[in-house]
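Accompanying notes for the structure given below.
The values are calculated or read from the model by the stated rules, or taken from the named source; none is laboratory data. Just so you know, these numbers come straight off a predicted model, no measurement behind them. As a convention, Cβ positions derive from the backbone with ideal geometry for all residues, glycine included, and neighbour counts pool all protein chains shown. In case anyone asks, the SASA skips ligands and DNA or RNA and just uses the protein heavy atoms, side chains included. Shrake-Rupley method; radii C 1.70, N 1.55, O 1.52, S 1.80 Å.
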Amino acid sequence: MKNIDPQKIVFGLDSFGDIPFDQQEKPVSQAKAIRQVIKEGILADQLNLGVIALGEHHRRDYAISSPDVVLAALATRTKQITLASGVTVLSSDDPVRVFERFATLDAISNGRAEVVLGRGSFTESFPLYGYNLRDYDLLFEEKLNLFNQLLKEKPVTWSGKTRAALQHAAVFPKTESGHLAVRIAVGGTPASVVRTARYNFPLTLAIIGGKPERFLPYVKLYQKATEQFATRLHPLAIHSHGVIARTDEEAFTLAWKYLRQSFVKLGHERGWTPMSAAQFKFEIEAGSFYVGSPQTVAKRLATTISQLGAGRFELVYGAGGLPARERLKMIELYATQVVPQVRELLMEGQRQK
């Protein structure tokens, strides 16, 4: 992608409503975790971050199952930050209800709503809502097709295999601008990248492990697909995990204790080998964990953004029970120190070309 003006790059946050630990190293209640995310969203807005994206999960270790409800609460307490899901699992939801909910959020927030659609990295929502995992691909394809038609905000006639047909159906409320912002989040499958381009949606790449540059073929595939479908080449967004503290040592200690542990727990569920010290060291030095002091993180972020030509970066913060006080400190360091340094490094890089 062409070089993007560093001043126009959007920096934001991602949260799944991770349950933070209290001072006694015990997890707080899910209700308190939700209220904590609202505090963090308010702070992000005050510090001029561009977006906060809240993910949908249906698990004990994450508190947010209804991102749009939490985002609606944030809409009344914030002024400028984009309020996004990250993601809305469209496969196990109803496209009509998704449109209605986010059009409502768009009204409450004066046009700051954004729905980020995805198939989801977890599958708990499928049996919970009565969907068969054998229909995993069909559900997303059909529902995305319907949702795309709903975005025109005109009566819709549609039929498929996964929900009841619609005949000249009108959906309300309409957005004030006539346009609901939508993105597709992709974990790294070529078919998903091509589908995003075909529907003319912006692409978000979830980069949660390995060298970021390994995703460059997907960036090029998105570019090529938009050319073939004659759709718009939207600025790329990426999101990755990170821990930022005053010093590298402090950040590494926190990341080893909390961020690594979240991956060990997930790996245990999925039959992966626990993340070793060597793997952890690789991820924070050359992989997709942005861990360290503001200066260290800024240098690594600037490299990744430049390599992939990204126009938006979202920091996944708070993984593994990171205490609330550390999360708030991290958001402040990210917004006030990391982001300005990244912009300056990118501008310096462009001047040297």
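Among the listed pairs Lys143/Lys211; Lys8/Lys220; Lys79/Lys174; Lys8/Lys299; Lys26/Lys257; Lys299/Lys329, give every one whose C-alpha distance is greater than 25 Å.
On the way: Lys143/Lys211 33 Å; Lys8/Lys220 21 Å; Lys79/Lys174 22 Å; Lys8/Lys299 18 Å; Lys26/Lys257 14 Å; Lys299/Lys329 19 Å.
With Cα atoms farther than 25 Å apart: Lys143/Lys211.
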**Report entry** Neighbourhood charge, 10 Å Cβ-Cβ cut-off, centred on Gly160 and excluding it, Lys, Arg +1 and Asp, Glu -1
**Finding:** +1
Report task. Taking every pair of alpha-carbon atoms in the chain, give the share separated by more than 26 Å as a whole percent. Result -> 49 percent
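Compute the Rg to Rh ratio over segment 223-353 from the alpha carbon atoms, using the Kirkwood formula for Rh, and round to two decimal places. Can you show the working numbers first?
Details: Rg = 16.5 Å, Rh = 15.9 Å.
That ratio equals 1.03.
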Requested in this report: Report the accessible area of Ile108, computed with a 1.4 Å probe over the heavy atoms of all protein chains in place, in Å² rounded to the nearest 10.
Outcome: 80 Å²
Query raised in the report: Carbon and sulfur together cover what percent of the accessible area of the chain at a 1.4 Å probe radius?
Result: 52 percent
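Keeping all protein chains in place, calculate the accessible area per residue for the chain (probe 1.4 angstrom), answer in Å².
Details: 16020 Å² over 353 residues.
Ligands and nucleic acids excluded, the result is 45 Å² per residue.
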Query - Of all DSSP beta bridges in segment 1-136, antiparallel share, percent nearest 5 - result: 15 percent
Query raised in the report: Tally Lys/Arg at +1 and Asp/Glu at -1 over every other residue whose Cβ is under 11 Å from the Cβ of Ala324; what's the total?
Result: +2
Requested in this report: For Lys353, go through the aspartates and glutamates and keep the ones whose alpha-carbon is under 15 Å away, minus same-chain ones fewer than eight residues off.
Outcome: Asp5, Glu344
**Report entry** Expected 222 nm ellipticity per residue - DSSP helices of 4 or more, -39500 (n - 2.57), all of the chain, to 500
**Finding:** -12500 deg cm²/dmol
Query raised in the report: Does segment 50-104 come out rounded, prolate or oblate by the C-alpha gyration tensor, with a ≥ b ≥ c the root eigenvalues, rounded set by a/c under 1.5 and, if not, prolate when a/b is larger than b/c and oblate if not?
Result: oblate
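Relative contact order for the chain using alpha-carbon pairs under 8 Å, separation at least 6, rounded to a whole percent? Let's see the in-between values first.
Working: 654 pairs, mean separation 71.2, N = 353.
It comes to 20 percent, rounded to a whole number.
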